[in-house]
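Enquirer: I am attaching a structure below and will ask some questions about it afterwards.
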Amino acid sequence: MSEQSPTYHATPATPDAQEILASPSTSFWLKDALQAALQRDPVDAANDAELLAAVLASRCAALQGGASR
């Protein structure tokens, strides 16, 4: 893992937290995770979210490629 902190940028297509929490199509899991993250230090929460996204993307790629764990 790199020692540098990543830079986060919202794009015009990125919904804000309140839009995600208000959306009926948002999963309960994501709503719970977002609510918890909003109570944390934003840099720590963003770093953890980035790591989680990378782990889940790697797992998804492995499963789609026929690999098993």
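Just so you know, all these numbers are worked out from the coordinates, no wet-lab data involved. Just so you know, these numbers come straight off a predicted model, no measurement behind them. Ideal geometry is used to build each Cβ from the backbone, glycine not excepted, and the neighbour counts take in all protein chains shown.
Enquirer: Give me, ordered by chain and number, the residues 5 or more places off T26 or on other chains with an amide H under 5 Å from its own placed amide H.
Expert: The answer is none.
Enquirer: Give me the one-decimal nm value for the distance between modelled label points at D41 and S25, 7 Å along each residue's Cα-to-Cβ direction.
Expert: Inter-label distance under the simple model: 3.6 nm.
Enquirer: Across segment 50-65, in residue order, what do the Karplus-derived ³J(HN,Hα) couplings come to in whole Hz, using 6.51 cos²θ - 1.76 cosθ + 1.60 with θ = phi - 60° and x for Gly and Pro?
Expert: In residue order, the calculated couplings are 5, 5, 4, 4, 5, 5, 5, 5, 5, 4, 4, 4, 5, 5, 6, x Hz.
Enquirer: Give, as a single signed number, the net charge of other residues whose beta carbon lies under 14 Å from the beta carbon of L52, with Lys and Arg counted +1 and Asp and Glu -1.
Expert: -2
Enquirer: Could you run the Karplus curve 6.51 cos²θ - 1.76 cosθ + 1.60 with θ = phi - 60° over segment 12-22 and give me ³J(HN,Hα) per residue in whole Hz, x for Gly and Pro?
Expert: Result, ordered by residue: x, 8, 7, x, 7, 4, 5, 5, 5, 5, 7 Hz.
Enquirer: If we restrict to alpha carbons, what Rg and Dmax does segment 17-64 come to, in Å?
Expert: Using the Cα atoms of segment 17-64, the pair Rg, Dmax is 12.4, 34 Å.
Enquirer: In a shell of Cβ-Cβ distance under 13 Å around T26, excluding T26 itself, what net charge do Lys and Arg (+1) and Asp and Glu (-1) give?
Expert: Here the charged neighbours net out to -2.
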